[in-house]
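Okay, structure first, notes after.
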Amino acid sequence: QVQLVESGGGLVQAGGSLRLSCAASGSIFSINTMGWYRQAPGEQRDLVASVTNGGSTNYADSVKGRFTIFRDNAKNTMYLQMNSLKPEDTAVYYCHAEEVRSSSWYVDYWGQGTQVTVSS
């Protein structure tokens, strides 16, 4: 019932910046936590950053001080500002959203991913 569409990925040189966006649409009841995950070749999908509806954020240690996550609740849109990019940031980045149907019923949604490539 919820569709997530990512944009903003691409190729950038080390030290550069990119801003990813994720727009949620469809039959939305209530979006609680949203986040960004990434998966590099041969590795598992890991959490990069997350933000709750109330604005509480969480970051992976590897991106603290370089990445910033924020959202526009009215538009159900989330962003990831990535600065000082490193080659090891190269991965497919996925948008994730948690929909709250009731106090005990949560539904997870995933975007199709956007490629971020950082060259040295």
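Computed from the coordinates by the stated procedures, all read-outs in this text should not be read as laboratory data. Small disclaimer: the values here were computed from a predicted structure and weren't measured. In this analysis, Cβ positions are derived from the backbone assuming ideal geometry, glycine residues included, and neighbour counts consider all displayed protein chains.
Seen from every direction in turn and averaged, the convex hull around the alpha carbons of the stretch 1-50 projects onto 4.7 nm². Rg then Dmax, both in Å and based on the Cα atoms of the chain: 14.1, 47.
In this label model, D61 and S27 are separated by 4.4 nm, measuring between points 7 Å along each Cα→Cβ vector. With the biggest extent put first, the Cα atoms of the stretch 13-81 measure 37, 24, 21 Å across the principal axes.
Inter-label distance, D72 to S102: 3.4 nm, where each label sits 7 Å from its Cα along the C-beta direction. Between Q112 and N83, the modelled labels are 3.3 nm apart [label points 7 Å from Cα along Cα→Cβ].
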